[in-house]
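The values are calculated or read from the model by the stated rules, or taken from the named source; none is laboratory data. Because the structure is predicted, anything quoted here is derived from the model rather than measured. So basically every Cβ, Gly included, is an ideal-geometry build from the backbone, and we count neighbours across all protein chains shown. Just so you know, the surface numbers come from the protein's heavy atoms only, side chains and all, with ligands and any DNA or RNA stripped out. Shrake-Rupley method; radii C 1.70, N 1.55, O 1.52, S 1.80 Å.
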Amino acid sequence: MTLEQFALLNVVWAVTIVLLEVPSGALADTIGRKNLLICTGVFMVLEMALLCFAPMGNPRLLFYIFMANRVLSGSAEAAASGADEALAYDSLKKEGDSRDWGLVLARQMRFQSAAFIVAMSVGGAVYDPALMNTLATWLGIPITFNQDITLRFPLFLTLGTAIMTFWTALRMKGTLSETGEKEIPEKNGLHALMNAFRLTFQAGTWILKTPFALVIISAVVVFDHIMRLVVTLASEYYRLIALPEATFGLIGSGMALLGFFIPHVALKLVRHHTPRFNLGVMIGLTLMGLMGLSLFMPVAGLIPMVLLRSAMFLLAFFTSHYLNRITPSSQRATVLSFKGLTINLAYGLIGLAYSLLLGVIRSRIVETNPGLSGEHLETMVFIRSFAWFPGYFTITLLCLVAFGAWALRHSEAHRRIG
C-alpha cells in the first residue's frame, strides 16, 4: 500500500466520524443509548471480519476492503461517541450517586490501561511465528506457523473482543431520563430522525448558552490536538533520543501504567481544588512536556513524554467529570458527541498544518544547505518542527484564557463545581 493510499484511508475514517458523530449522539438521546451501542458492536464485528477474512494477492480488492473497514470503524466510533458515557453516567445517577463518577472514571482508566498492556503483550506474542511454533511443539500440535498465518492472529483476537462488545451491548439496559421517561425506541423512523435533528440543534444552542460547557470544550480542543499529534509522532521521537526500537513496546506499556495512578491523583484534584487550579496543573505539565520534547535529550527525553501522557490522562478525567456534572441527561450523548466532533476536527486540522510546516522547514533547510538530502534532511526537519510546539501551544492557550475570562465573566459555575 502506498503512502497516498494510506493517507486516503485515514481521510475516509476521519470524514466518516465527522459526518456521523453528532447525529449519532442525537440519535442516542432519541432512540436510546443502548441501541447505538448495539450498532457499535455490529460495526466492530463487521470491520474486523473484513480484515480477518480478506483474500490476499489482489491489491486493488484489498484496498477497497480496507476502505470499507475504515468506514465501518469510523461509524463504530461515531455511534459509541457520547452514548457509552451518557449511559454509564445516567445509570450511576439512577442506581447510586453521580458524585461517585470520579471513582467510576478512575476504575475505568485502570481497566483500560490493564487491557492495553495485555493486548500489547498477547498481540505481540501471537504475531511471532517462532514463539507460536515453540508453543505448538510444547503442546504437541503438529502445525507449522509462518508469518502469513500469524499475521491474522491479532486480528482474530480483536474480532473476538468485538463479538464480546456486541454481546455486552445486547445485555445492557436503558436508563431513565431526568423526566422519568425510559429510553424507548421511536416507532416511526422519520420521526426519530427529525427528533435527532431537533436535539442536535438544542444541544448546540445549550452549549453556546452555557459558558462553562463552552469553555470546557474549548480547553479540550486546545490541549487535545497538540497532545495527540505528539503521540502520533512518538516512535520517530524515541528513535532520535537514542532509544532502541525493541524498547518501543515496553515504553508503550509503561505509559499505559500511568493509567493506574494518575486517575487517583485526578480524583483528589477535582475533590479538593477548583477547575481553575486544575487548569493550571494541566498548563504546567503540558508546557514542560512540550519544551522538554523540543530539546531531544538522549534517553532523558522520555521524561517530558511521561509528563505529556500524564496530562492526557488528567485531561480525559477532568473533561468527563466537569462536562457530565453540568449536562442535562436528555441531551448528554449529543453534547458529548459535540465534544468528540470538535477535538477530531482540531486534530485533523493540526495534522494538515503540521504537513505544511514540514514543507516550509524542509525548503528553508535545503536553501541554506543545498547538498543536504535523504534521511539526514528528514531528521533535521523533524527536530526543528518540534521547536514550534511550545510557541504554538502558548498562543492557543492565551486565546483560551482570554476567551474563558470573557465567557465566564458573569458565571459562577466554575467556582461551584468540584
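For THR232, what is the net charge nearby, where nearby means another residue's Cβ is under 15 Å from its Cβ and Lys, Arg count +1, Asp, Glu -1?
Numbers: positive: ARG228, ARG239, ARG309; negative: ASP224, GLU236.
Here the count lands on +1.
What are the ³J(HN,Hα) couplings of region 125-130, residue after residue, when phi is run through the Karplus curve with 6.51, -1.76, 1.60 and θ = phi - 60°? Round to Hz, x for glycine and proline.
My calculation for region 125-130 gives 5, 6, 6, 7, x, 4 Hz in order.
Of ILE217, ILE31, ILE163, which has the most accessible area and how do the rest follow, probe 1.4 Å?
The ranking, largest first, comes out as ILE163, ILE31, ILE217.
Testing the spin-label approximation: label points 7 Å from Cα along Cα→Cβ at PHE403 and ARG276. State their distance in nm.
So the two model labels end up 2.0 nm from each other.
Leaving ligands, DNA and RNA out of it, work out the accessible area of LYS94 with a 1.4 Å probe and give it in Å² to the nearest 10.
110
Between MET380 and ILE149, what FRET efficiency comes out of the Förster formula 1/(1 + (r/R0)^6) with R0 = 51 Å and r the beta carbon distance, rounded to 0.05?
Between ILE149 and MET380 the formula returns 0.80.
Once the whole set of protein chains is in place, how much accessible area is left on PHE53, using a 1.4 Å probe, in Å² to the nearest 10?
140
Work out, in µm²/s and without decimals, the Stokes-Einstein translational diffusion coefficient of the chain at 25 °C, 0.890 mPa s, Rh from Kirkwood over C-alpha pairs.
After rounding, the answer is 104 µm²/s.
If I model a spin label as a point 7 Å beyond the Cα along the Cα-Cβ vector, how far apart are those points for ILE251 and THR394 in nm?
In this crude spin-label approximation the distance works out to 2.6 nm.
Just to be sure I understand the model, the point goes 7 Å from the Cα along the line to the Cβ. What's the resulting LEU372 to PHE260 distance in nm?
Label at LEU372, label at PHE260, 4.3 nm between them.
Rank VAL22, VAL11 by accessible area, highest first, at a 1.4 Å probe radius?
VAL11, VAL22
In deg cm²/dmol and to the nearest 500, what is the mean residue ellipticity at 222 nm of the chain if only DSSP H runs of at least 4 residues count, each as -39500 (n - 2.57), divided by the residue total?
Taking each H run of at least 4 residues, the total per residue is -27500 deg cm²/dmol.
Assign one of three labels to region 1-115, namely rounded, prolate or oblate, based on the Cα gyration tensor with a ≥ b ≥ c the square roots of its eigenvalues; rounded applies when a/c is under 1.5, prolate when it is not and a/b is larger than b/c, and oblate otherwise.
Here region 1-115 falls in the prolate category.
Please work out how many pairs of lysine residues in the chain are eight or more positions apart (or on different chains) and have Cα atoms closer than 29 angstrom.
Lysine pairs meeting the criterion: 27.
On the full set of protein chains, 1.4 Å probe, figure out the accessible area of ASP90 and give it in Å² to the nearest 10.
That residue has around 10 Å² of solvent-accessible surface.
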